[in-house]
Every structure is written in C-alpha cells, then in structure tokens.
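Q: Structure provided below as structure tokens; questions to follow.
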There are 2 protein chains.
Amino acid sequence: MAQTGTRAAATTAAIEEAALDLALAHGYETVTVDRICEQVGISQRTFFNHFPTKDDAILGREMPSIDERAARAFVLADGPLLLDALLLIPVPEGDAAPPRMDERMRIIAGHPHLLARQIERVSTLEAELREIISQRIAHADPAGDDAARESESALITCLMGGMMRFATSEASAARRGESMASRVEEARGVLERVLAR
Amino acid sequence: MAQTGTRAAATTAAIEEAALDLALAHGYETVTVDRICEQVGISQRTFFNHFPTKDDAILGREMPSIDERAARAFVLADGPLLLDALLLIPVPEGDAAPPRMDERMRIIAGHPHLLARQIERVSTLEAELREIISQRIAHADPAGDDAARESESALITCLMGGMMRFATSEASAARRGESMASRVEEARGVLERVLAR
DNA sequence: AAGGCAGTGTGCAGTCACTGCATGAAAGGT
DNA sequence: ACCTTTCATGCAGTGACTGCACACTGCCTT
C-alpha cells in the first residue's frame, strides 16, 4: 500500500500528477481511473496499489501535519483557548507546501465530498490534536479533572474542523484565490468578533 | 426521483424499513442493494428511483428541519452567541422524531461516512441557518455592516457542524446510548467551559 | 366507451470504482 | 550468479449506480 522505494515513489508521483492534470483539464467527474492509468501508462491494478481511492489520488499523498513549534507555543500561550487553537491548523505554505496545492484547492472547492474527505484526513491528526489541547488545558489548570479535559479537547478538535471548513469555504468570497494562510487569518478575525458577542 | 403519490410513498417506506432491518441484522456493509430489493420485492431499478443512494435509504427520507419557535427565541435572545446557537440544532425527539431514529443512530455511529453524510444533509439547512443567525446579529447590532454579518453567520454555521459532530461522536462515552437531546445538552456544558477559558 | 396522459415499476445492458489472487519481472544485496 | 524483496500486472469478479425503452395502472376528458 504505502510503498517506499524510489521506483514506487516515482509511480505514485506520476499518478498524482496525471490525476490532477486530467481533473483540471476535463473536470473531476469525467476523469476515470482507467483514463488516468492510460495517461501514466500503468494498469488499473497498479493504480490501486498506490492509492486506495480515486479521491486520494487527487488529494495527493502527503498529509498535513502539525507544526511542532506551533504546538509548543500553543501549550504555553494564555490567550482565549479557541483563538489560540487556530495556531494548530496545519497550513502548508511556500516550499513546504505540497506542490500544486492551489490547483488542488480549486477542484476540491467544487466538490464538497472531496472537501469532506480532506477534512476527514486532517482529522487523522485528531488524536494528536486532542493530546496537545489536553496538555494546554492541563498547563493552564493543573487541578482540573481528567474527564473534563478530555471532553473539552475533543470538542475543540471538532470546532477546529468547522473552522477549517469555513476557511476553505467560499464564504469569504473576498478571499477567493488567496492562500490558505490568509484565509485562516481572516477566519481568525471573524471568530474574534463572534466570540465578542 | 422524489415521488409523491401514496403508492410510491408506500414503496419508499418499505425500502427504508427493509434497509434498516437488514443493516441492523447483518451489518451495514454486508447489506447489498440487491438484497434490499429482494426483501421488498422490487427491482433494483425501482430502488434507485426512490433513493439516489444506498446510504440515503438507510438515513431515511425525512430531513431534519429547524424548529420555528427555537429560531424566534434565538433571534431575540441575548446570551453568548455561540451558546445560544445550539438552540438551533434540530433535535428530533419523541413523536416528532422519524421513526426508529435510535436504531439508525446505532448504525450511523459505526460508520463515519454515514455520519459525514448525515451532517452534510443537515447543512442543506445551511442557508436557512445562516439567515437566522444573520437576523440575530442584526437584531443585536442594527448598525453592523452587512459583509461582517454574513461572514460571521457563515462561520457560526460551520461551527455548528462541528458541535453536531461532537454531540454525535463517542467522545462523550458516558452519553453512549442516550438521546440526541441529552448529548446536545452535554455538548453545551462542555462548550461553556471551553468558552470560559 | 375510447383515447390520452401522468405516475410508477421493470428489464437490460452498460459504466465505473474497487478487490483478491496468483504470477512475473526487476532491483539490490550477498 | 543466487536469492529475497519490491513492484507491477492480468484476470475475473462484486457492487453501486445510470439511461433507456417499455409496460401497467389509474384517472380524466371527450
């Protein structure tokens, strides 16, 4: 499934690229797996050896991950919990960003189920996220009880999912075409105003 | 697609029921559309005339909707916006609940993609929800500017999705098997604590 | 009574995503 | 040169879903 050698890696990359190209050129739904395979020059079986799903091929292989530094800063910070938590949203930017992220986003935006899947993927980090949030709460309130801490961190994790959806949605039409980082920044501002009410 | 006459309605109901029965008896993934059709005594084609998707058959036809009274109360309330918004989460209960809701929930709980779909369905109400939230903000702050109001209500809508996910998740393991209403109540409590931080 | 229309169900044949299994070829270390 | 691991493949199947043309059933009109 997750193959590691360089040969396989090359194939994986080729599939990813072809999938993206075709989807951009002809639209997501008209692109079949067979078509992608044809383009890459591999068999369908091989395709599914590399990606469990057509969707995954389009979303790409690298999963976002939580920035260590941001996590540490978050644990020690003492601002409003919800706002600080936004620091944890992984925002691939610049060189670290998976290549062609913007093109991907364009496709994702038009296909809600891809967005859902993307968020579901991020929530693979849920455990990690919860753990970090839990630490922060423990740090701020060493006397708190465990169960409370657990449910609070779980809830914040869910809310983060909502924030991501907002950030990636076109709700902020003004932000269309802008980077993920600036969208999150925008979302932060809106959240601040909401919390003030 | 959505057929209205009583005859069709009966068929729809029969499909829904059979789907649920079979899923409960043999597990969601082992239940095929063909199996459901066999049970009901219809053709596969007919099945898909009634439900666009196998998932939809299991989730059922009636969509949750926002309670009018709750909406009015929300618009006029003046508590913390996020907390008040929880009032809007449609919580089918008692007689008003679609029949066998609890059994459905049991299946949904074990199949994340069904949950995602359910939430996606609720978000069909997004426009309505946004409108109501927008009214509330306008009521509280008549001088506010339109764009801000729009983005704020959109964001809250997204956060509501997160709250729903939390409420339906097993995060609050203690609540397992309890009604949706009490889960939302629990979630409300946790959110209060979080906001206090 | 005859004809027509709308609502509903059906059979068929096909497309597409995805899987299990067994086999083959190439890479790379020894 | 030998052997093991890694990759790719072919095949044959399953299961969801669609388009199409056709058939049956009222019911309404004339």
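Values in this text are rule-based calculations from the coordinates and carry no lab data. Bear in mind the structure is a predicted one, so any value in this text is a computation, not a measurement. Note that each Cβ is placed from the backbone with ideal geometry, even for glycine, and that neighbours are counted across all protein chains shown.
Q: Which of rounded, prolate or oblate describes chain A when judged by the alpha-carbon gyration tensor and an a/c cut-off of 1.5?
A: Working: a/c = 2.64, a/b = 1.80, b/c = 1.47.
It comes out prolate by the Cα gyration axes.
Q: Report the residue of chain A with the smallest Cβ-to-axis distance, using the rotation axis that brings A onto B, in whole Å.
A: Nearest Cβ to that rotation axis, in whole Å: A:Gly162, 2.
Q: Just to compare against my own numbers: the Cα pair-distance distribution for the range B:68-109, 10 Å bins, whole % per bin, please.
A: Calculated over all Cα pairs of the range B:68-109, the distribution is 25, 37, 28, 11 percent.
Q: Quickly estimate the mean residue ellipticity at 222 nm for chain B, helices only: each DSSP H run with n ≥ 4 gives -39500 (n - 2.57), and the total goes over all residues, rounded to 500. Working shown, then result.
A: On the way: 11 runs with 131 residues, N = 197.
Calculated mean residue ellipticity at 222 nm is -20500 deg cm²/dmol.
Q: Binning every alpha carbon pair distance of the protein assembly as shown at 10 Å from zero, what are the percents per bin?
A: 4, 20, 28, 27, 17, 4, 0
Q: A further question on this structure: ³J(HN,Hα) across the range A:9-14 via Karplus (A = 6.51, B = -1.76, C = 1.60, θ = phi - 60°), whole Hz, x for Gly/Pro?
A: 4, 5, 4, 3, 4, 5
Q: Let me ask something else. For label points placed 7 Å from Cα toward Cβ, what is the shortest-first list of nm distances from A:Met101 to its copies?
A: Ordered by distance, the counterparts are at 4.1 nm.
Q: Under 8 Å for C-alpha pairs, at least 6 residues apart: give me the relative contact order for the range A:47-189, rounded to a whole percent.
A: Contact order relative to length: 28 percent.
Q: Given the range B:44-101 reduced to its alpha-carbon atoms as identical point scatterers, what log10 I(q)/I(0) does the Debye formula return at q = 0.17, 0.24 Å⁻¹?
A: Log10 I(q)/I(0), no solvent term: -0.70, -0.94.
Q: While we're on this one: Distance between Cα centroids, the range B:137-172 to the range B:24-83: provide it in whole Å.
A: When both Cα centres are located, 24 Å separates them.
Q: Follow-up. Find which of A:His139, A:Leu195, A:Ile108 sits farthest along the positive direction of the dipole of the range A:68-196, computed with +1 on the beta-carbon of Lys and Arg, -1 on that of Asp and Glu, about the Cα centre.
A: Farthest towards the positive pole: A:Ile108.
Q: Give a residue-ordered list of calculated ³J(HN,Hα) values for the range A:136-153 (Karplus: 6.51 cos²θ - 1.76 cosθ + 1.60, θ = phi - 60°; whole Hz; x for Gly, Pro).
A: 4, 5, 4, 5, 6, 8, x, 8, x, 8, 4, 4, 4, 4, 4, 5, 5, 5
Q: Here is a follow-up. So what is the relative contact order for the range B:6-59, in percent, with contacts set as C-alpha pairs under 8 Å and at least six apart?
A: Working: 31 pairs, mean separation 20.3, N = 54.
Result for the range B:6-59 is 38 percent.
Q: If you count, for every residue in B:184-194, the Cβ atoms of partner chains within 10 Å of its Cβ, what is the mean? Please report the intermediate quantities before stating the final value.
A: Details: counts 0, 0, 2, 4, 0, 3, 8, 5, 0, 8, 12.
Mean shielding count: 4.
Q: So, one more: Over the range B:6-59, how many percent of alpha carbon pairs lie in each 5 Å bin up to the one with the longest distance?
A: Bin by bin from 0 Å, the calculated values are 4, 23, 38, 25, 8, 2, 0.
Q: Which ³J(HN,Hα) values, rounded to whole Hz and listed in residue order, are derived for the range B:76-93 from phi using the Karplus coefficients 6.51, -1.76 and 1.60 in 6.51 cos²θ - 1.76 cosθ + 1.60 with θ = phi - 60°, glycine and proline given as x?
A: Taking θ as phi minus 60°, the curve returns 8, 5, 9, x, x, 3, 4, 5, 4, 4, 4, 4, 7, 4, x, 10, x, 9 Hz for the range B:76-93.
Q: Then there's this: Any idea what % of Cα-Cα pairs in the range B:63-142 are farther than 14 Å? Walk me through the numbers before you get to the answer.
A: Numbers: 2117 of 3160 pairs.
The calculated P(r) of the range B:63-142 puts 67 percent of pairs beyond 14 Å.
Q: If you project the alpha carbons of the range B:118-197 onto the principal axes, what extent comes out on each, in Å, largest first?
A: 44, 32, 16
Q: By how many degrees, between 0 and 90 and to the nearest 10, does the Cα long axis of helix A:112-122 differ from the longest principal axis of chain A?
A: So the inclination is approximately 60 degrees.
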